[in-house]
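Take a look at the structure set out below.
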Amino acid sequence: MVESQEIELQGHIIDSGIMTQLFDRVMDMGGNFEILVFDVGKKKTDPSYARLKIVAQDKEKLRSILSELHRLGARLPPVKSVHYVPAVGDKNAPKDFYTTTNHPTQVRLEDEWVTVDGIEMDFLIVVDPSKKKARCMPLGKIKKGDLVVVGEEGVLVNYPARPRTSSTFEFMHGTVSSERPSETLIAQIAKEIIEVHKSGGKIILVGGPAIIHTGADKAVAGLIKKGYINVLFAGNALATHDVECNLYGTSLGMDIKTGKPVMGGHRHHLYAISEIMRAGSLQNAVDKGVLNGGIMYECIKNNVPFVLAGSIRDDGPLPDVIQDTMEAQDAMRCHIPGCKMVLMVATLLHSIAVGNCLPSSVKTVCVDINPASVTKLMDRGTTQAIGIVSDAGTFFPLLAEQIEKQSAGKK
């Protein structure tokens, strides 16, 4: 038996590519569609409206297709209030609970659309009908009695529109290529950073230890000192090798200036950890004059907050490292509000973790020498990211140079 359902879409659904994605999803999943109404906006700023009938071979197939289309912003007419069920226990959500995208989302509470606060992908939605409030909540923090949204009815996803003004994030949205001119792209990213900085928006760096290994640490430290990086997310490795570099002039036991191994250098990162442990913390090491340069030094001297998240492979770790991963997630989330741009450089797993915490409205740049690393970030949901295939040691010095030139009004 053939099943069908009408859906609606509204907004910049043509130039944002939503209609093309919708057609592809329906056909790829074995369904069909019929366009009933298609009102195209007459001007660039005008929204468009489409009403379609989606057809599938059975109810289950139709339900699967509609679920995919919902995440592109499709909704079922007429709009009904959202359905919610109380959790029967802590961490015990009702069956068929709704899981979020990272796009702006609203829920229908009676006759009013309510914005879901703290949007983040793969979360649940908890509502308070009496206060007309809705918020994102991780599964592990659901409490008994929380009213959890079930199903997709009454939930509206606002798929992000293509920027109306020209920018790097317009023509490179969700793309990666090793054949793009890196220097030109870096100049455009520098322009975006300057604009975000001037507007008062926060810029977060998610950095890996290759920043130290490739000699990019001085450029990064300079950007922190000048206020172009406002938060640092990293692991034990970046901080450890940053300290090692500033205490011993090595990274992974290699002389940073010559690139040659140093006798006994394989112990330097452990010596570095020991020195910070002896001081009690990175802050104490700076205060006592043990640490007097580098990325962590500039963070502390310029009151730039940092979150160092631990992993199972850590040496030490440094006393500042948060070893509980859930605690580290919460610490990172505290710094995301107000963030307008994120630079993810040479750290795949950390980048994916932070990407999962970001709303799709945050401009995201992922830099890695391996094209597959950049692609994996996008495949795991951070579709707003643009990718640059580059070495950290090349990227940061060029970025710092471009920011300096453009800030001074030079070409």
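Remarks
- Three-way shape call for segment 1-124 based on the alpha-carbon gyration tensor, with the a/c threshold at 1.5: oblate
- Applying 1/(1 + (r/R0)^6) with R0 = 45 Å to the Cβ-Cβ distance of ASP330 and THR20 gives a FRET efficiency near 0.75.
- Here's how it looks for GLY41: its modeled amide H is under 5 Å from those of SER48, TYR49, which are all 5 or more places away or on a different chain.
- Karplus-derived 3J(HN,Hα), 6.51/-1.76/1.60, for each residue of segment 309-324, Hz, glycine and proline x: 9, x, 9, 5, 9, 5, 8, x, x, 4, x, 7, 6, 8, 8, 8
- 5 angstrom amide H check on ASP255, placed H, neighbours 5+ away: LYS260, VAL262
- Look at the dipole of the chain built from charges on Cβ: of GLN406, THR101, ILE186, the Cα furthest out on the positive end belongs to GLN406.
- Per-residue ³J(HN,Hα) for segment 363-376, Karplus 6.51 cos²θ - 1.76 cosθ + 1.60, θ = phi - 60°, Hz, x for Gly and Pro: 5, 10, 10, 10, 10, 7, 6, 9, x, 5, 5, 5, 5, 4
- Under 20 Å from the Cα of LYS42 - aspartates and glutamates, other chains or at least 8 residues apart: GLU8, ASP15
- An ellipsoid equivalent to segment 205-322, defined through the eigenvalues of its Cα gyration tensor, has semi-axes of 20, 16, 14 Å when rounded to whole angstrom and sorted largest first.
- Averaged per residue, the chain has 48 square angstrom of accessible surface, using a 1.4 angstrom probe with ligands and nucleic acids left out.
- Amide H partners (placed H, <5 Å) of LEU291, local residues excluded: VAL286
- Among the listed pairs LYS91/LYS301; LYS44/LYS191; LYS59/LYS80; LYS133/LYS363, a Cα-Cα separation exceeding 29 Å is found for LYS91/LYS301.
- Centre-to-centre, using Cα atoms only, segment 221-256 and segment 392-411 are separated by 19 Å.
- Segment 403-409 - phi-based ³J(HN,Hα) in whole Hz, Karplus 6.51/-1.76/1.60, Gly and Pro as x: 4, 4, 5, 5, 5, 8, x
- Spatial separation of Cα centroids for segment 33-73 and segment 74-109, in angstrom: 20 Å
- Sparsely packed loop sites in segment 222-283 (the chymotrypsin sites (Phe, Trp or Tyr not before Pro) outside DSSP H, G, I, E and B with at most 15 other Cβ atoms within 10 Å) do not occur.
- Each Lys or Arg adds one and each Asp or Glu subtracts one; over the other residues with Cβ under 9 Å from the Cβ of GLU8, this totals +1.
- Based on C-alpha pairs under 8 angstrom that are at least 6 apart in sequence, the chain has a relative contact order of 15 percent.
- Under the combined filter of DSSP loop state and at most 13 neighbouring Cβ atoms within 10 Å, segment 245-299 retains these trypsin sites (Lys or Arg not before Pro): LYS257, LYS288.
- Once the Cα atoms are used to define both axes, helix 325-335 deviates from the longest principal axis of the chain by about 80 degrees.
- Loop trypsin sites (Lys or Arg not before Pro), segment 23-72 (other Cβ atoms within 10 Å of the site Cβ: 14 or fewer; DSSP): LYS42, LYS43, LYS44
- Percent accessible area from carbon and sulfur atoms, segment 263-411, protein chains only, probe 1.4 Å: 51 percent
- Rg/Rh, computed from the Cα trace of segment 314-411 with Rh as the Kirkwood radius, has the value 1.02.
The values are calculated or read from the model by the stated rules, or taken from the named source; none is laboratory data. These figures come from a predicted structure and were not determined experimentally. Using ideal geometry, Cβ is built from the backbone for each residue, glycine included, and neighbour counts are taken over all protein chains shown. What goes into the accessible areas is simple: the full protein's heavy atoms, side chains included, and nothing from ligands, DNA or RNA. Shrake-Rupley method; radii C 1.70, N 1.55, O 1.52, S 1.80 Å.
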